[in-house]
Amino acid sequence: MKRILLALSIISIVFSNLQLLAEEESKENLSQCLSVEGMSAGWLKSTQKIRDNLSKLKSSDPKVSKWLPAIKRRSLTLRKLKKIGSMERDIFTRFFEAMLEDLVNDKKVLARFSGQTINYGYWSKHINKLTGTKVQVPANYDSDKEYQFFMYYKIGGGMYWNTPTKKWAGPHDKGAKVSGPHRPKAEFCQKVIPDTFQAWSALYYGVKGRMGLVEELKELTLAMSQDFSMSLDRVFLSGYSDGGYSAMWIASRYPHLVAGIAPGVANWQYGNMGNYTFFNFATLVVDGWRDGGYIGENLARFTTLNNMGYDIKCIISHHGHSMTWLEEVETVKKIMAWAKTKRRNLNRKHIKYATWNLAWNRAYWFTIKQMENPLLASLVDAKIEGNTIQVKAKNISVYQIALNDKLVDMKAPLKIFTNGRLSYEGPCQAKVTVDHLKSSKAKFVKDTVTHGGMSAHAFLLTYFNKKSGHKKFRIKGQSWSWVKFTGGTEVERKIVKASSWVGKDVDVTEKKYAETNLLIYGGPLRNKFVEKFTKDLPIKFEKGKFTVGNKVYDQPQHCVKFIIPNPLNPKKNCVIIAFNDPAAVSKELGIPKLDISPWGFRGGDCQVFGIKKNKAELKKLDSVRKKKRRKGDTYKKDVYIFGSDWKVYDQTPIGTIEKEFGWNDILQLKAEAIKEKTGAQVGLYGSQPGYLKWKTSFNKGAITMNDVAVTHQVPEFIMTCELTGKQLKGFVTPDKRGKVPVPNNTLFANKTDPGYDPKTSLLISEIDDVKIYKVASGYALCDSGALGLSASVESMPKPHFYFETVKEFAEKKGTTVKSNNLKQTEIEVTEAVVSYIKKRGKISPRVK
């Protein structure tokens, strides 16, 4: 009996050990990564090969561990794919099968795709769907080596071409076909760029950095780095025309995502604020001598940033505004060779960053949490030395620093100085928040989610449904609900129409609308939902009028559109469109809409429509437009930017306008102001493009800082340089047609001219050709290339001229440097004008 019991005990122990071994084996077995619970028979059939190979792999195997993040990510994605059709197989499952087969058979992972152009699929959390991007795999790809990655962005027309009309088209337009452009071509990549991953953005509406390009870059590169031996520290952005613009825009807003950029024949329509952030990454300016539209600006940017010590180089070929540079063997080889020397450093100890909106507010370890003055940009120059951090902050109330042991000694005490003053002393923490100014404690505070900007949220969204008749975004959690008002009269309710009402104001409940962005028509006098939150609104509404700050709008055609946090959930946005008289607004202007456009620039937080233009503006309108005036031509709009507390920012008058200022008068005022603020001898100022204009006149009476700030859609920083007298004369001397190249300047023709001051003014006749003059200018003179570089094209090297400094460029025969020591200051034009007006109290246009 004892023998039997002993035998049974031994059997029990052996069985238990076998069970434990089986459990351990099960834990190591990767089949557990992909649960089959609740999945369909079709799904099970489509994933059979994947599941079989998962069961053959163990997590403890050193050969497998590198690929575990990719295996787990792909397994989670498979669970989300309820149906696996030809598209899913083409862009996703076949790669997963190949990866697992290679691991099982001890082969180089995914090397079978070497040299191929693949439709690479990944799950996007941003749009909550499987999406794909065209990727060129390096020739002779080896998963044991490290590779760099180039992302290309499209031209402004997008990727759909309508052959019959010979125009760029939308994805839903009749006759529209995908035409790329995909350059460099696959064959070219295989022969010329054998050691670099190439990818082409898949977003049609992703032009100029908008509509989800940032999210695409983040998600695509992360997935690629897990599936292939592609380094996240070797990501480069490029593109053609607006695609080059996109590369610059993304890098200047999110510098920690890239190692460098090589924008090609790029345009840049956001002024010069973004240039400040180029300090953090490497830039290679790529252009053609005959790119008449943009080479001047690109060379001026190179000149400016090179003079400021930034890592920027230049390569110019013999072509115009085209993609030729992506087909030139030697040029592309040079670009790739340049990239191979660059690496991203997430723990760099010196960063610079600029922003005008908290939608983009971070560079590496530094995050701007709250701005002081919404009318100005925020700048930061932060440097880590040992366990001391010196922060030079401009227009920043609250910021946060993320620390790790590669930046500082986490066991030692930390000191943070802000603008020379000690603002933190204590232990090192993973995150340190510094409130060095009095931050807003309001009920709603602008942050990275509800950041303000009538159009800023468009940058963060991706797709919209053009077929629906209105721009309704198809992104989970980011939809807009159009709320109809039930107050007012029946006539008013009929006038205000929307293509897709989702509900009435009386039906808006927290349960139903807290997780959506709201578009609300009617204001508190007509919309019963808004009425509940009247006291929290930044605008005061009364019968027949509304007040923004200290300005009353009481005309029937006056209407207002403004953005605030959703009262039901401050992490969502709410746009309110209200009017004094809907009938008058409809007749004179048309009822405003949400107007989210992939081409839109900055929209401000509040826009007031229906303001009649003054006599000077109407006279100019008639002289320009020969045909009959269009609806709304006689009206303009006011723009306001809310403070951190979502209220109208300080409307204290800074001075008085004694006589109306037209647009040219404002430009002249800016020329005078930037000269005075910088201590320059001469001020030159040119106009920004029309699409960057907001306020184009000053009426008689009190003027505020907001009035000055919104004469330009985006912050503009003063440029300074040195010009010889001969060069200076070229800007102010009439040409053969009698036209002065830069009419808005601070020079005087005669001592008897109004405003002449013998101590500070300079006569044109006094200019000495060989003397050096310090000049202050606006960015327009850089935008036009007037202050940059030029060359005699025929004498330039072929196939390209690569140069690293302004000095190297100047040494080449046939080149011209149009200014010396061209630099960008940290002083905004708005600051200069405000200072100029405050100093005088009362101002009138200078008569020239």
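Ordered by the number of other Cβ atoms lying within 10 Å of each residue's own Cβ, fewest first, 521, 635 fall into the sequence 635, 521.
Over what distance in Å are the Cα centres of the range 542-557 and the range 312-341 separated? Comparing the Cα centres of the range 542-557 and the range 312-341, I get a distance of 56 Å.
Taking amide H as placed 1.01 Å from N in the peptide plane, the amide H of residue 396 sits under 5 Å from that of 372, each at least 5 places away or on another chain.
The packing ranking of peptides 429-436, 561-568, highest mean first, is 561-568, 429-436, where packing means the average number of other beta carbon atoms within 10 angstrom of each residue.
Considering helices alone, the calculated mean residue ellipticity of the chain at 222 nm is -7000 deg cm²/dmol, with DSSP H runs of length four and up weighted by -39500 (n - 2.57) and normalised per residue.
Cross-link list 551/659; 535/612; 443/612: which exceed 25 angstrom alpha carbon to alpha carbon?
Numbers: 551/659 19 Å; 535/612 29 Å; 443/612 35 Å.
Over 25 Å Cα-Cα: 535/612; 443/612.
Spin-label model, residue 764 to residue 486: label points 7 Å out along the Cα-to-beta-carbon direction sit 6.9 nm apart.
With the cut-off at under 17 Å, measuring from each backbone N in the range 557-584 to a point 7 Å along the Cα-to-Cβ line of residue 431 picks out 571. Taking only the Cα atoms of the range 23-107, the ratio Rg/Rh comes out at 0.95, with Rh defined as the Kirkwood radius. Can you tell me the orientation of helix 242-253 relative to the chain, as the angle in degrees between its alpha-carbon axis and the longest Cα principal axis, to the nearest 10? Helix 242-253 sits at roughly 80 degrees to that axis.
If packing is taken as the mean number of other Cβ atoms within 10 Å per residue, what is the order of 80-89, 729-738, 580-589, highest first? Show your work: numbers first, answer last.
Working: 80-89: 12.9, 729-738: 11.3, 580-589: 18.7.
The most tightly packed comes first, giving 580-589, 80-89, 729-738.
Applying 1/(1 + (r/R0)^6) with r as the Cβ-Cβ distance of residue 187 and residue 506 and R0 = 60 angstrom yields a FRET efficiency of 0.40. Among 138, 62, 345, which residue has its Cα furthest toward the positive end of the charge dipole of the chain, with +1 on Lys/Arg Cβ and -1 on Asp/Glu Cβ? My answer, from the dipole projection, is 138.
Dipole magnitude for the range 362-435: about 100 debye, using +1 per Lys or Arg Cβ and -1 per Asp or Glu Cβ, origin at the Cα centre. Converting phi to 3J(HN,Hα) with the Karplus coefficients 6.51, -1.76 and 1.60 and the offset θ = phi - 60°, the range 396-410 yields 10, 8, 10, 9, 10, 10, 9, 10, 8, 6, 8, 9, 9, 7, 5 Hz in sequence order, with x at every glycine or proline.
A cut-off of 5 Å between modelled amide H atoms, ignoring neighbours fewer than 5 places along the same chain, links residue 200 with 134, 152.
The stretch between residue 232 and residue 107 holds 42.6 nm of extra length on full extension. This uses 0.36 nm per residue minus the Cα-Cα distance.
Here, the range 603-748 has an Rg and a Dmax of 17.4, 54 Å when only alpha carbons are counted. As a calculated quantity, the FRET efficiency between residue 612 and residue 823 at R0 = 45 Å, using C-beta atoms, amounts to about 0.60. I want to check the label-to-label distance for residue 807 and residue 146. Put each point 7 Å from Cα in the C-beta direction and report it in nm to one decimal. Roughly 3.2 nm, to one decimal.
With charges only on Cβ, +1 for K and R and -1 for D and E, what is the dipole size of the chain about its Cα centre, in debye, rounded to 20?
Working: 135 positive and 82 negative charges, 459 e Å.
With Lys and Arg at +1 and Asp and Glu at -1, about 2200 debye.
Projecting the Cα positions of 770, 560, 254 onto the charge dipole of the chain (unit charges on Cβ atoms of Lys, Arg, Asp and Glu, taken about the Cα centre) puts 560 furthest along the positive direction. Look at the alpha carbon pairs under 8 Å that are at least 6 residues apart: their mean separation over the length of the range 362-435 gives a relative contact order of 30 percent. Only Lys, Arg, Asp and Glu carry charge here, each on its Cβ (+1 for the first two, -1 for the last two); on that basis the range 664-719 has a dipole of about 60 debye about its Cα centre. Derived scalar couplings between HN and Hα for the range 770-781 equal 9, 6, 9, 10, 7, 10, 10, 9, x, 6, 4, 6 Hz in order, rounded to whole Hz, by the Karplus curve 6.51 cos²θ - 1.76 cosθ + 1.60 (θ = phi - 60°), x for Gly and Pro.
Every number in this text was worked out from the coordinates using simple rules, so none of it is lab data. What you are looking at is a predicted structure, and each value in this text was computed from that prediction instead of being measured. In this analysis, Cβ positions are derived from the backbone assuming ideal geometry, glycine residues included, and neighbour counts consider all displayed protein chains.
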